[in-house]
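Please read the structure below before turning to the comments.
The values are calculated or read from the model by the stated rules, or taken from the named source; none is laboratory data. Here the structure is a predicted model, which means the values were calculated and not measured. In this analysis, Cβ positions are derived from the backbone assuming ideal geometry, glycine residues included, and neighbour counts consider all displayed protein chains. In case anyone asks, the SASA skips ligands and DNA or RNA and just uses the protein heavy atoms, side chains included. Shrake-Rupley method; radii C 1.70, N 1.55, O 1.52, S 1.80 Å.
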Amino acid sequence: MNHRPVLYVIGLFLTALAKFMLIPVIYDLLTDNSAIWEFLAAAGITLVTGAALTINFKPDTFNMKPRQVFVLTTLCWIAVSSFAALPFWFKLPISYTDAFFETMSGITTTGSTVLTGLDYMDHSVLLWRSLMQWFGGIGFIVMAVAVLPFLKVGGMRLFQSESSDWSEKALPRSGSIAKRIILVYLIMTALCAYLYFLGGMTGFEAINHSMSTVSTGGYSTSDASMGYFRSPFIIWTSTFFMILASLPFVLFVRGMRGEIDCLYKDTQVQAFIGFLVCVWLVLGTWLCFHSQYSFFESLTLVSFNTTSTVTTTGYAYGDYSLWGGFANIAFFFLLFVGGCSGSTAGGIKIFRFQIGSKLLHIQLKQLVHPRACFVQTYNGQQISSEILRSLIGFTFFFILLIALISLLLALCGLDPITSVTGATTAVTNVGPGLGDIIGPAGNFSALHDAAKWILSAGMLLGRLEVITVLVLFTPAFWKG
């Protein structure tokens, strides 16, 4: 395999990353903070490395095969995370392990953190955390709609239509689609920041939280997360934009082209919204009868925290682990759900649950009518055997990966709840787990370094849809 195009593109990414590191520098200069050398040093190291790769490995003709794209997809996320961790390592009194964990959590929009004292932390560090999540969110969307369908991985191959044909012939169009998605992403971020500002956040808080909301990342500028603001307007605004960011961005692009009804007619969107509303009503009613909260207060608490969990954002508004056993079990299962395919959200994704239920329904009918032929459709399209194999393979390895990471965390000395929920929240890219250590009121700083590296690998595997990375470890991939 010719690795020159891969290394060249990685060099381009690192060069761009070095430029983005200057954003916190500019902010510090504008706010009369002279402590900028850490970001400048990190930017310099990253720029030199990126320039060396682009100069030395520039191919004569740029033509990437599918196998090269698989390698590039994984190595880009690892390389960017490795260098994006440098500002944390230089700026804060933490180890490189902690810096890499924080960075991988940010870029994969997981939201797990090892940092405390956020309310008093240098603003340039907080800004860099939010920027990482914002870039990671848009990076995954572009990958989901332009790369994974080409590699026959992920769910976007299901959503082929006249406006979004992700067949191999349509690949040249993916660049223009990506530009429109980035425009939607920018507009959504700006509108979210404006509403946060109207709700009482400072300009700095509004910008940071809008970036981590639209990316469904969940990093906050306060240790108390969204509980710091205690404003129903901010909480409901955040809930609304977490939902928007968990919908397929290609539908927003189609909406910009005049297909206004595409969002509410989409089967996946209908199921996602319907599922959220049902969860809100059930848990909200339960909390109202088992606490001192009014129904509106219960609904606000439940809607925000469940939406944050389902969309894999990871914000917290109070400690929902104190609500009781029923709520804890419910939140654990909500960790798996995820948003829609082609969004910034992680998790298994709602469409896989829909197709799974359809397959079960057809299987039951097949038992009653063994000679009948049933056509399997989704969103008005026939489900091919290739998509079914992808769905079954992904789900199997997804659950297997969580089980394996849980066992490894237990070997590191963690208790069962921390091990299982830590593995689940890493692979599903949610953020907080359950229990006293990594629950919504805690963080991951107390974990052993080995556990942090294991969880970092889990975040990467979950973000890249598992199979994209696992295929690199098969002997057949490297033959020929």
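Scan region 252-276 for residues that are under 17 Å from residue 338 (Cβ atoms) and in a helix (DSSP H, G or I) and jot them down. Full working, then the answer.
Of the residues in region 252-276, the ones under 17 Å from residue 338 (Cβ atoms) are 266-276.
267, 268, 269, 270, 271, 272, 273, 274, 275, 276 - these are the residues of region 252-276 that are under 17 Å from residue 338 (Cβ atoms) and in a helix (DSSP H, G or I).
Can you tell me which residue among 222, 231, 210 is at pLDDT 95 or above and open to solvent by less than 50 Å² (accessible area, probe 1.4 Å)? Show your work before the answer.
On the way: 222 fails: at pLDDT 95 or above; 231 fails: at pLDDT 95 or above.
Sole residue among the options that is at pLDDT 95 or above and open to solvent by less than 50 Å² (accessible area, probe 1.4 Å): 210.
Output the residues belonging to region 450-480 that are farther than 25 Å from residue 310 by Cβ, among the small types (Gly, Ala, Ser), open to solvent by 10 Å² or more (accessible area, probe 1.4 Å) and outside any loop (DSSP other than H, G, I, E, B).
Residues satisfying the conditions are 450, 476.
I want to confirm something. Restricting to region 312-336 and keeping residues that are buried (at least 24 other Cβ atoms within 10 Å of the Cβ) and in contact with a Leu (Cβ under 9 Å, 6 or more places away or on another chain), which single residue is farthest from residue 278 (Cα to Cα)?
By that ranking, first place goes to 317.
Out of region 277-319, which residues are among the acidic types (Asp, Glu) and either assigned to a helix (DSSP H, G or I) or over 26 Å from residue 106 (Cα atoms) (or both)?
To start, the set of residues in region 277-319 that are among the acidic types (Asp, Glu) comprises 297, 319.
Hit for region 277-319 is 297, nothing else.
When region 60-76 is examined, which residues are found to be of a type outside the set (A, V, I, L, M) and more than 15 Å from residue 50 (Cβ to Cβ)? Before the answer, list the steps.
Within region 60-76, the subset of a type outside the set (A, V, I, L, M) is 60-63, 65-68, 70, 73-74, 76.
Correct list: 60, 61, 62, 63, 65, 66, 67, 68, 70, 73, 74.
Checking residue 69 against (1) at pLDDT below 90; (2) surrounded by fewer than 17 Cβ atoms within 10 Å (Cβ to Cβ), which single condition isn't satisfied?
(2)
Please pick out the residue among 299, 287 that is open to solvent by 10 Å² or more (accessible area, probe 1.4 Å) and either under 24 Å from residue 268 (Cα atoms) or not charged (D, E, K, R) (or both). Quick ask: steps written out before the conclusion?
Numbers: 287 fails: open to solvent by 10 Å² or more (accessible area, probe 1.4 Å).
Within the list 299, 287, the selection yields 299.
Those residues that are touching a helix residue (DSSP H, G or I) at 6+ places or on another chain (Cβ under 8 Å), surrounded by 11 or more Cβ atoms within 10 Å (Cβ to Cβ), at pLDDT below 90 and aliphatic (A, V, I, L, M), I need them from region 360-414; list them, please.
383, 387, 388, 391
Check 106, 44 and return the single one that is part of a helix (DSSP H, G or I) and buried (at least 22 other Cβ atoms within 10 Å of the Cβ). Working first, answer last.
Values: 44 fails: buried (at least 22 other Cβ atoms within 10 Å of the Cβ).
That would be 106, the only listed residue that is part of a helix (DSSP H, G or I) and buried (at least 22 other Cβ atoms within 10 Å of the Cβ).
If I go through region 197-225 residue by residue, how many of them are part of a helix (DSSP H, G or I), in contact with a Ser or Thr (Cβ under 6 Å, 6 or more places away or on another chain) and not β-branched (Val, Ile, Thr)?
Qualifying residue count, region 197-225: 5.
Yes or no, residue by residue, for (1) open to solvent by 80 Å² or more (accessible area, probe 1.4 Å); (2) free of Cβ contacts under 8 Å to residues at least 60 places away in the same chain; (3) in contact with a Ser or Thr (Cβ under 7 Å, 6 or more places away or on another chain):
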residue	(1), (2), (3)
5	no, no, no
13	yes, no, no
19	yes, yes, no
22	no, yes, no
29	yes, yes, no
37	yes, yes, no
58	yes, yes, no
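Name the one entry in 326, 332, 351, 394 that is outside any loop (DSSP other than H, G, I, E, B), touching a residue at least 24 places away in the same chain (Cβ under 8 Å) and in contact with an Asp or Glu (Cβ under 7 Å, 6 or more places away or on another chain). First the steps, then the outcome.
Values: 326 fails: in contact with an Asp or Glu (Cβ under 7 Å, 6 or more places away or on another chain); 332 fails: in contact with an Asp or Glu (Cβ under 7 Å, 6 or more places away or on another chain); 351 fails: in contact with an Asp or Glu (Cβ under 7 Å, 6 or more places away or on another chain).
Sole residue among the options that is outside any loop (DSSP other than H, G, I, E, B), touching a residue at least 24 places away in the same chain (Cβ under 8 Å) and in contact with an Asp or Glu (Cβ under 7 Å, 6 or more places away or on another chain): 394.
Residue check: is residue 302 out of contact with any Phe, Trp or Tyr (no Cβ under 7 Å at 6 or more places or on another chain), of a type in the set (Val, Ile, Thr) and more than 19 Å from residue 214 (Cα to Cα)?
On the way: out of contact with any Phe, Trp or Tyr (no Cβ under 7 Å at 6 or more places or on another chain): no; of a type in the set (Val, Ile, Thr): yes; more than 19 Å from residue 214 (Cα to Cα): yes.
No: the conditions fail for residue 302.
From the list 171, 191, 183, which one is modelled with pLDDT of 95 or more, assigned to a helix (DSSP H, G or I) and surrounded by fewer than 23 Cβ atoms within 10 Å (Cβ to Cβ)?
Details: 171 fails: modelled with pLDDT of 95 or more; 183 fails: modelled with pLDDT of 95 or more.
Of 171, 191, 183, the one residue that is modelled with pLDDT of 95 or more, assigned to a helix (DSSP H, G or I) and surrounded by fewer than 23 Cβ atoms within 10 Å (Cβ to Cβ) is 191.
Taking region 412-436 only, how many residues are under 19 Å from the mean Cα position of the chain (by Cα) and part of a helix (DSSP H, G or I)?
7
Considering only residues that are of a type in the set (Val, Ile, Thr) and touching a strand residue (DSSP E or B) at 6+ places or on another chain (Cβ under 9 Å), which ones fall in region 256-310?
Taking region 256-310 as the starting set, the residues that turn out to be of a type in the set (Val, Ile, Thr) are 260, 267, 269, 273, 277, 279, 282, 285, 300, 302, 306-307, 309-310.
Hit for region 256-310 is 267, nothing else.
Got a number for residues in region 354-387 being outside any loop (DSSP other than H, G, I, E, B), of a type in the set (Phe, Trp, Tyr) and free of Cβ contacts under 8 Å to residues at least 60 places away in the same chain? Before you say what the answer is, go through the steps one by one.
Our first condition is that a residue be outside any loop (DSSP other than H, G, I, E, B); within region 354-387, this holds for 354-368, 377-378, 381-382, 385-387.
If we keep only those that are of a type in the set (Phe, Trp, Tyr) too, we end up with 378.
Going one step further and asking which of them are free of Cβ contacts under 8 Å to residues at least 60 places away in the same chain, we end up with none.
Here the count works out to 0.
For region 427-449, what are the residues that are within 17 Å of residue 401 (Cα to Cα) and either open to solvent by 10 Å² or more (accessible area, probe 1.4 Å) or modelled with pLDDT of 90 or more (or both)?
Within region 427-449, 427, 428, 429, 430 qualify.
Are any residues in region 47-56 among the hydrophobic types (A, V, I, L, M, F, W, C) and crowded, with 18+ Cβ neighbours inside 10 Å, and if so, which ones?
First pass over region 47-56, keeping only residues among the hydrophobic types (A, V, I, L, M, F, W, C): 47-48, 51-53, 55.
If the condition is that a residue be among the hydrophobic types (A, V, I, L, M, F, W, C) and crowded, with 18+ Cβ neighbours inside 10 Å, then 47, 53 are the ones that fit.
Could you go through region 452-461 and let me know if any residue there is out of contact with any Ser or Thr (no Cβ under 8 Å at 6 or more places or on another chain), aliphatic (A, V, I, L, M) and more than 15 Å from residue 102 (Cα to Cα).
Kept after step one, since they are out of contact with any Ser or Thr (no Cβ under 8 Å at 6 or more places or on another chain), are these residues of region 452-461: 454, 457-458, 461.
Imposing the further condition that a residue be aliphatic (A, V, I, L, M) reduces the set to 454, 457, 461.
Adding the requirement that they be more than 15 Å from residue 102 (Cα to Cα) leaves 461.
Yes: region 452-461 contains one or more residues that are out of contact with any Ser or Thr (no Cβ under 8 Å at 6 or more places or on another chain), aliphatic (A, V, I, L, M) and more than 15 Å from residue 102 (Cα to Cα).
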